[in-house]
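Engineer: One structure, as structure tokens, below. Some questions next.
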Amino acid sequence: MTGIVDTTRSSRDTTRTYPPLRLRRLIARAIDSVIAFGLACLIVLPFTFSQAADALLLAGFDSFNDFLTEWDPGTAAGGSVGAAVEQLQPVVLSTVYLQGLVIWAYDWLTHTLTGSSIGKAFTRVRVTRNHSSAEPTLAPDLRAGRSWVDRPLRMALRAGLVVGPPTLAAGMLLAAALAVPGAVDLAEMFIALTVVLLIAWLAGGVGLHGLVTGTRVVGFEWQELRQEAEHQIVYHTGNADEYLHKLQQAARTPGAQRAARIAEHDPRVRSAIAQARRYGARTPTGEVYRKEGLRGVVESFTQPPKESGGG
């Protein structure tokens, strides 16, 4: 009697390395920060740099070096330095907040359109809706109908919570350096808020932006699992009965049942089920899938396999 080798493991491939999700998120955020800030500088600085140069010329300074030599950050100054600072205040603050707006737009657009920014795509993570067991299940047509409005608003709020506090902290720091009244207190408040949000995220793994918007960051491991499944289907095409028997044995484990319940909430699985129902199926398993969906298939696997007829 030949032994059955389980080729349907639900665990990750041990030959591959998957860095911790939090580390990948930190790397992704660092990459996105560099890209977004560089993009913001390219878009905003060409316009505000000339305005800052004009403000210095009006105050009697020929270059930025001349101004920086006489300027004492954080103190109220008079004369030509005070005039230059007064002219630079709106220019500097508008530069910071316009750059923050560009960074917010980068974060919002990338996550709304693809679910992954450039940094997240590089580290193989993406933002998705949090589907907990307590959350009511929506019909696919209702979910698709509201996603056009729900997702952009959700990602806009998420991006605002991520980009807003650091941008306000940077703006108030520069305002304090330019001796704007009350800027020091605001800078301390926004810096403290940014630090608290960062610590809360590091401690809990889900930041305020994830809790408020009901989103989570997940890995791309499902892509590897899908590729392995496709490989197994192709490999066992000529031994369908034997492979189904292996699937039946593997599907009896609690982990497979739990994975099926989680997968049922995934929009990609719902789309596949809808397509199967639309185009029909020809195999017995496909017929169960067409009528009862993914859970029906897994539940059918838990039943004892039928013995081949022997008279």
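A short reminder: the numbers here are calculations on the coordinates, not readings from a lab. Owing to the predicted nature of the structure, the values given are computational and were not obtained by experimental measurement. As a convention, Cβ positions derive from the backbone with ideal geometry for all residues, glycine included, and neighbour counts pool all protein chains shown.
Engineer: Determine, for each peptide in 196-203, 181-188, the mean count of other beta carbons within 10 angstrom over its residues, then list the peptides with the highest first.
Structural biologist: 181-188, 196-203
Engineer: Once the piece of chain linking L211 and I199 is laid out straight, how much longer is it, given 0.36 nm per residue of separation minus the C-alpha distance between them?
Structural biologist: 2.9 nm
Engineer: Within a Cβ distance under 14 Å of F64, other residues only, what is the Lys/Arg minus Asp/Glu net charge?
Structural biologist: -4
Engineer: In what sequence do T114, T167 fall when counting other Cβ within 10 Å, fewest first?
Structural biologist: Ranking T114, T167 by Cβ neighbours within 10 Å, fewest first, gives T114, T167.
Engineer: Now a separate question. Calculate, in nm to one decimal, what S50 and L26 gain on full extension: separation in residues at 0.36 nm each, minus their alpha carbon distance.
Structural biologist: Fully extending the segment from S50 to L26 adds 5.1 nm.
Engineer: Sticking with this one: Among T48, T75, T95, what is the fewest-to-most ranking by other Cβ atoms within 10 Å?
Structural biologist: Numbers: T48 17, T75 10, T95 22.
Taking fewest neighbouring Cβ atoms as first place, the list is T75, T48, T95.
Engineer: Only Lys, Arg, Asp and Glu count, each charged at its Cβ (+1, +1, -1, -1), so figure out the dipole size of the stretch 21-219 about its Cα centre, rounded to 20 debye.
Structural biologist: In debye, rounded to 20, the stretch 21-219 gives about 1640.
Engineer: Ok, one more. Between E70 and L42, 0.36 nm times their residue separation minus their Cα-Cα distance comes to what?
Structural biologist: 7.2 nm
Engineer: Enumerate the residues in the stretch 150-178 having an amide nitrogen under 20 Å from the point lying 7 Å beyond the Cα of E188 toward its Cβ.
Structural biologist: 165-178
Engineer: Taking N as the number of residues in the stretch 21-219, what value does Rg over Cα atoms divided by 2.2 N^0.38 Å take?
Structural biologist: Working: Rg = 20.7 Å, N = 199, 2.2 N^0.38 = 16.4 Å.
The reported ratio for this selection is 1.26.
Engineer: At I118 and W148, where each label point lies 7 Å from the Cα along Cα→Cβ, what is the point-to-point distance in nanometres?
Structural biologist: 3.0 nm
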